[in-house]
Amino acid sequence: MPVGTFINAAAIILGSLLGLFLSGRFPDRFRTVVYHSIGLCVLVIGLHMALSFDNILILVFAMLCGGLLGEAAGLDKRLVQAGDMLKRRLGSKDARFTDGFVTASLLFCIGSMAILGSIDEGIRGDRTILLTKSILDGFICIPLASTYGVGVLFSFVSILLYQGSITLLAGQAQGFFTEPLINQLTSTGGLLIMGIGINLLELKTINVTNMLPALLFAVLFTVFFSGMV
């Protein structure tokens, strides 16, 4: 049972509600400072994670192949369509609903804490990482929701599906998640998080969504090269 993920989702809901409550009370200049501060922190966290790799070639080829596959599959458009569909079903009039949903979903789902925390809960029943992540996500939601609106709140759906699936999978395949595999996943996820940080700082627009298959290729290449050794 992915209890840690349920707690994480609850923290996102609470943080988003607080952010929505404070939305009209945040002057734009304060919101910009908070937003850029988070962007810098996300960039540093991503850089720290990106340096976890055991094999730089796996990281390079995972990013290249993942980006090409994601671009060919149009993952960005599909995720935006999912956000738009959710917006229509909820009858939301928020113009930034989809932006908030996509940005928050990517930020909260991509990263070592989401992956490692879910694996730890599935294999050892240890929820320490996910509980820590819940606190961080809850606080990050406050300025995000005040900026992007109610779409941020509904990113809890992505968390439930993503982290919950990893926890259940890890419980069924405990021997699969070796240390080299976790390191390569962490490193690849770190690069993707750096892309999110760059987007938050408005330095350049990086289509992180279309790079998501890099996580899958990181697993495939790590397993393949491990079998060759």
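The values are calculated or read from the model by the stated rules, or taken from the named source; none is laboratory data. From a predicted model like this one, the values you see are computed outputs, not experimental measurements. Don't worry about glycine lacking a Cβ; one is built from the backbone with ideal geometry, like all the others, and counts go over all protein chains shown.
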Positions within the range 45-63 being touching a residue at least 60 places away in the same chain (Cβ under 8 Å) and exposed (fewer than 14 other Cβ atoms within 10 Å of the Cβ), in sequence order: Leu51
Do we find that Gly24 is at pLDDT below 90 and touching a helix residue (DSSP H, G or I) at 6+ places or on another chain (Cβ under 8 Å) in this structure? no
Which of the residues that make up the range 174-229 are part of a loop (DSSP other than H, G, I, E, B) and in contact with a His (Cβ under 8 Å, 6 or more places away or on another chain)? Leu201
Of Ala95, Ala104, the only residue that is aliphatic (A, V, I, L, M), at pLDDT below 85 and either in contact with a Phe, Trp or Tyr (Cβ under 7 Å, 6 or more places away or on another chain) or more than 25 Å from Gln184 (Cβ to Cβ) (or both) is Ala95
Exactly one of Gly74, Gly39, Gly70, Gly66 is in contact with a Gly (Cβ under 9 Å, 6 or more places away or on another chain), touching a residue at least 40 places away in the same chain (Cβ under 8 Å) and of a type outside the set (Lys, Arg), and that residue is Gly39
Do any helices (runs of 4 or more DSSP H) lying entirely in the range 1-90 carry at least 3 residues that are among the β-branched types (Val, Ile, Thr), and which ones are they? 3-22, 28-50, 56-73
What are the residues in the range 113-148 that are touching an Asp or Glu at 6+ places or on another chain (Cβ under 8 Å) and either buried (at least 23 other Cβ atoms within 10 Å of the Cβ) or in a helix (DSSP H, G or I) (or both), if any? Asp120, Thr128, Ile129, Leu130, Tyr148
Extreme residue, surrounded by the most Cβ atoms within 10 Å (Cβ to Cβ), among residues of the range 1-14 that are in contact with a helix residue (DSSP H, G or I) (Cβ under 6 Å, 6 or more places away or on another chain) and closer than 10 Å to Ser134 by Cα: Asn8
Those residues that are modelled with pLDDT under 85 and not acidic (Asp, Glu), I need them from the range 118-130; list them, please. Ile119, Ile123, Arg124, Gly125, Thr128, Ile129
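Please pick out the residue among Lys93, Lys87 that is free of Cβ contacts under 8 Å to residues at least 40 places away in the same chain and more than 19 Å from the chain's Cα centre (by Cα).
After ruling out the rest, the residue left standing is Lys93.
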Residues of the range 145-203 being β-branched (Val, Ile, Thr) and without any contact (Cβ under 8 Å) to a residue 60 or more places away in the chain, which ones? Ile166, Thr178
Which condition from (1) in contact with a Leu (Cβ under 6 Å, 6 or more places away or on another chain); (2) surrounded by fewer than 21 Cβ atoms within 10 Å (Cβ to Cβ) is the one that Leu181 breaks? (1)
Options Gly171, Gly190, Gly149; residue that is on the phi > 0 side of the Ramachandran plot and of a type outside the set (S, T, N, Q): Gly149
Go through (1) over 18 Å from Ile45 (Cβ atoms); (2) modelled with pLDDT of 85 or more one by one and return the number of the condition Asp137 breaks. (1)
